[in-house]
Amino acid sequence: MKRLFISIFTLALILAFSPLHTVVNAEENQKNVEETVKNIETQVKDSVTNPVAETKMEVHRKSQNHGNYYTFTAKLKDVKDAEGTWTLFVDGTKYDTKKSKTPSTSFIYNLYEEYKKNGETKGHDIKIVFEGKVDGKEGIAVGTQTIADLTVNHSQNGDKNKFTGTLTSGKSAKGNWGIAISDEKGKKVFKKKEVYNVKGTSFSHTFTGLKEGSYLVTFAYDGNVDGEDTVIVKKGKLQITKENNGNNDNNDNNNDNGDVKPTPIDNNPKPNPTPPVGQGTVDQVIDNTHKGGTLPKTATSNPIGMVAGLGLLALGGAVLGYRRFVK
């Protein structure tokens, strides 16, 4: 019995120090190491990605300084502490970035500069990105918002010219609409129409008696779209001829069948590099605005955005021109 026990013990020792045993142990150790690394990677991945999936961002905008700029406010929802970098993207291009140690921040977008550069304003796709720590964990949060654009359509029946402005996005809207028909340089207004506190995403108005010639059409909206402040101004050229304004001698005035083909508004006119400057009050408005002063009492203030109904949207400020047309 002793010999059998010794033989078994000896065999065990031989196997323990044999290459086969070493290989088996190595494989088991490697497996344990891989499982440990995998667990660590999973823990790290969870700690980074969970805040991304769970952290949401609210983005809101307000029209400020009589419509000269937007203020975008971004806030991380259900977050107590946050520290990191916030970045504002406008139409996919980085516009501004800042660091903050709070769960919220704000950005300013300059409508004045946009109008000065393009001669009008337009809709935008807004995205704000936060990267940093959220309640002690690394995370990323993204908030988006769409600013509606404005399309302008024109139809003609004899000497009746109908203009329709339509917001390109948004389910609901309430605000002020305005349209002005002026000479090509915007120095003299021939027709104008303003309406206030109108519900709906479109507005139409028909002017009669426009004579043959070239005109500048300015269409503006100032209000809110889906509860967010929105300020848009569009300009286009319009050509009225004897043939399509109903004033030619050969016109039989039977234009209801759509035989008349109106000249559409050019929605992409070249911006006027030097907008016309008005006299008196307008000069004072520009001077005060550039200095950060208040507008004169002759301009009726509007609680939502643009000044004087639909604003003074030209002459150097993003809202200093439409009113210049309709004074």
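The values are calculated or read from the model by the stated rules, or taken from the named source; none is laboratory data. Treat the numbers as computed from the prediction; the structure is a model and nothing was measured. Neighbour counts run over all protein chains shown; Cβ positions are idealised from the backbone, glycine included.
Values for this structure:
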read-out	value
So Gly186, is it at positive phi, buried (at least 17 other Cβ atoms within 10 Å of the Cβ) and outside the structural domain of Thr93 (by TED's automatic domain parsing)	yes
Condition met for Asp135 (among the charged types (D, E, K, R) and in contact (Cβ under 8 Å) with a residue 40 or more places away in the chain)	yes
Complete set of residues in region 79-122 that are among the small types (Gly, Ala, Ser) and at pLDDT 95 or above	Ala82, Gly84, Gly92, Ser100, Ser104, Ser106
Residue tally, condition free of Cβ contacts under 8 Å to residues at least 40 places away in the same chain and under 19 Å from the mean Cα position of the chain (by Cα), over region 66-97	11
Among the residues listed as Ser155, Ser204, Ser169, Ser214, the single one being touching a strand residue (DSSP E or B) at 6+ places or on another chain (Cβ under 7 Å) and assigned to a loop (DSSP other than H, G, I, E, B)	Ser169
Flag if Thr201 is among the hydroxyl-bearing types (Ser, Thr, Tyr), touching a Ser or Thr at 6+ places or on another chain (Cβ under 9 Å) and surrounded by 16 or more Cβ atoms within 10 Å (Cβ to Cβ)	yes
Hey, Leu76 modelled with pLDDT under 95 and under 16 Å from Gln145 (Cβ atoms) or not	no
Cross-chain or 6+ apart pairs with Cβ under 7 Å, region 100-124 first and at negative phi, then among the acidic types (Asp, Glu) and assigned to a strand (DSSP E or B)	Lys101/Glu83; Phe107/Asp96
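Matching residues to (1) in contact with a helix residue (DSSP H, G or I) (Cβ under 8 Å, 6 or more places away or on another chain); (2) buried (at least 21 other Cβ atoms within 10 Å of the Cβ); (3) under 22 Å from Gly119 (Cα atoms); (4) not assigned by TED's automatic domain parsing to the domain that holds Tyr115:
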site: Ser155; (1), (2), (3), (4): no, no, no, yes
site: Lys160; (1), (2), (3), (4): no, no, no, yes
site: Gly178; (1), (2), (3), (4): yes, yes, yes, yes
site: Asn197; (1), (2), (3), (4): no, no, no, yes
site: Thr206; (1), (2), (3), (4): no, no, no, yes
site: Glu212; (1), (2), (3), (4): yes, no, no, yes
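Quick grid of which residues meet (1) touching a Cys at 6+ places or on another chain (Cβ under 7 Å); (2) within 18 Å of Asp222 (Cα to Cα); (3) among the charged types (D, E, K, R):
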| position | (1), (2), (3) |
| --- | --- |
| Lys56 | no, no, yes |
| Gln64 | no, yes, no |
| Phe72 | no, yes, no |
| Lys80 | no, no, yes |
| Thr87 | no, no, no |
| Asp91 | no, no, yes |
| Lys94 | no, no, yes |
| Thr97 | no, no, no |
| Ser100 | no, no, no |
